[in-house]
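A.B. asks: Take a look at the following structure, please.
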Amino acid sequence: MGLFSFLKEKIAHKSKEKKEKYVAGLDKSRRNFSSKLKALSSRYAKVNEEYFEELEQILIEADVGVNLALEIVDITKEETKLQGITDPNQINEILVDKMFVGYVQQGESIVNEIQFKENIPTVLLVVGVNGVGKTTTIAKLAKRYISKGKKVLLVAGDTFRAGAIEQLSVWANRLGCEIVVGKENQDPASVAFDGMVKAKKDNVDLVICDTAGRLQNKTNLMNELSKIKRVISKEIPGAPHDTFLIIDATTGQNGVIQAKAFKECTDVTGVVITKMDGTSKGGIILAIRDELGIPVRFIGLGEKMEDLEEFDLDQYLYGLCLGEEK
């Protein structure tokens, strides 16, 4: 069974609502990627070196990353030579298979959902530069787990940006959950400390702690995050239990650069991709996984609170490559 047929069969047994979200959210990326593949295939009766050069360009334009794009095309070339395939349509199926096999092999044991600890609050640290949708993502994550019956506490640790504190406070009020805030320019670690104390006192299930989104000085960022982690772990053993990096999909390769900087500063356990519905370069997920080895845990497919979805590789592949097919 070919990859496309196999994928369709797997998707058929999954939630129709989730499938539709992925298809709609990846519409721009699909038109940029899948449609270009089909157009390329229609121009060549048989593949040649020019065909593969154009294939590389399509992958690079989809933000898969230059190194990964070259690697994927080289592997695809080898496979087609071994099988004696010259039909571009068959080669496209091999290409997509090679694109995702690496992700699957690295991510077989990944659990996307937050795993809750017994008898202590579970702590999630959220990092990312300003403007990527960090505050809104925190609210969406809070709603997700409140809906699952968890008691959630927000900690407004981005004390250097008054707007972040105000925005998170508004979300806390809407969601009906408590929030710990400090004064403007207060030491973020002290706010985190207050949050951990309150979480233990109130028997909170999940603490979501925001952090400052400054990336101008990597040393200061590293020191700040290290201090917050020390304070948190002193109050709650093993915390933070997860650290999510928020990346705006529309920033493309800049998002990968940001991810590298934060990975150097803290132990990132997962990436949340926002604004996927607003980009035509859906390959960023593969680039992050290839260059950093960090799994994408959640993906933002729209502006509604319910549009933050657990990342599903099958749904992603279907939405990127096959969603327009009937």
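A.B. asks: In a GNM of the chain with a 10 Å cut-off on Cα contacts, which of T274, T86, T76 has the highest mean-square fluctuation?
C.D. replies: Looking only at T274, T86, T76, the largest GNM fluctuation is found for T86.
A.B. asks: Using a 1.4 Å probe and counting only protein heavy atoms, arrange K143, K234 so the residue with the most accessible area comes first.
C.D. replies: Sorted descending by solvent-accessible area, the residues read K234, K143.
A.B. asks: Here's something else I'd like to know. Send over a whole-number figure in Å² for the accessible area per residue of the chain, probe 1.4 Å.
C.D. replies: 45 Å²
A.B. asks: May I pose another question? Would you list which aspartates and glutamates come within 12 Å of K263, measuring only between C-alpha atoms, while excluding same-chain residues fewer than 8 positions from it?
C.D. replies: E291
A.B. asks: Over all alpha-carbon pairs of the stretch 131-184, lay out the pair-distance distribution in 10 Å bins, whole %, shortest bin first.
C.D. replies: With 10 Å bins starting at 0, P(r) equals 26, 56, 17, 1.
A.B. asks: Across the stretch 204-213, in residue order, what do the Karplus-derived ³J(HN,Hα) couplings come to in whole Hz, using 6.51 cos²θ - 1.76 cosθ + 1.60 with θ = phi - 60° and x for Gly and Pro?
C.D. replies: 6, 7, 9, 10, 10, 10, 6, 9, 5, x
A.B. asks: Under the rule of at least 5 residues apart or a separate chain, name every residue whose amide H is placed under 5 Å from the amide H of D248.
C.D. replies: T274
A.B. asks: Would you mind working out the magnitude of the charge dipole of the stretch 139-217 relative to its Cα centre, with +1 at each Lys and Arg C-beta and -1 at each Asp and Glu C-beta, to the nearest 20 Debye? Before the final figure, lay out the partial values.
C.D. replies: On the way: 13 positive and 9 negative charges, 84 e Å.
Dipole about the Cα centre, nearest 20: 400 debye.
A.B. asks: Moving on to the next point. Ordered by residue, what ³J(HN,Hα) values in Hz, to whole numbers, does the stretch 187-196 give under the Karplus form 6.51 cos²θ - 1.76 cosθ + 1.60, where θ = phi - 60° and Gly and Pro are x?
C.D. replies: These are the phi-based 3J(HN,Hα) values: 4, x, 5, 5, 5, 4, 4, 4, x, 5 Hz.
A.B. asks: Out of (i) 20.0, 66; (ii) 21.3, 69; (iii) 18.5, 59, which label holds the value of Rg and Dmax of the Cα atoms in Å that was computed here?
C.D. replies: Working out Rg and Dmax of the Cα atoms in Å from the coordinates points to (ii).
A.B. asks: So what is the calculated 222 nm ellipticity per residue for the chain, using -39500 (n - 2.57) for each DSSP H run with n of 4 or more, over all residues, to the nearest 500 deg cm²/dmol? Walk me through the numbers on the way to the answer.
C.D. replies: Numbers: 13 runs with 178 residues, N = 326.
Taken over the chain, the calculation gives -17500 deg cm²/dmol.
A.B. asks: List the residues, sorted by chain then number, that are 5 or more residues from L153 or on another chain and whose placed amide H is less than 5 Å from its amide H.
C.D. replies: Those lying under 5 Å, H to H, from L153 are L206, V207, I208.
A.B. asks: For the stretch 16-27, just list the computed ³J(HN,Hα) in residue order, Karplus coefficients 6.51, -1.76 and 1.60, θ = phi - 60°, integers in Hz, with x standing in for Gly and Pro.
C.D. replies: 5, 4, 5, 4, 5, 5, 5, 4, 5, x, 9, 4
A.B. asks: Based on the Cβ-Cβ distance from T219 to K183, what FRET efficiency comes out when R0 is 22 Å, to the nearest 0.05?
C.D. replies: Efficiency, from the Cβ-Cβ distance: 0.35.
The values are calculated or read from the model by the stated rules, or taken from the named source; none is laboratory data. Not measured: the values here are computed from a predicted model. As a convention, Cβ positions derive from the backbone with ideal geometry for all residues, glycine included, and neighbour counts pool all protein chains shown. Ligands, DNA and RNA are stripped out before the accessible areas are found, and what is left, the full protein with its side chains, is counted by its heavy atoms. Shrake-Rupley method; radii C 1.70, N 1.55, O 1.52, S 1.80 Å.
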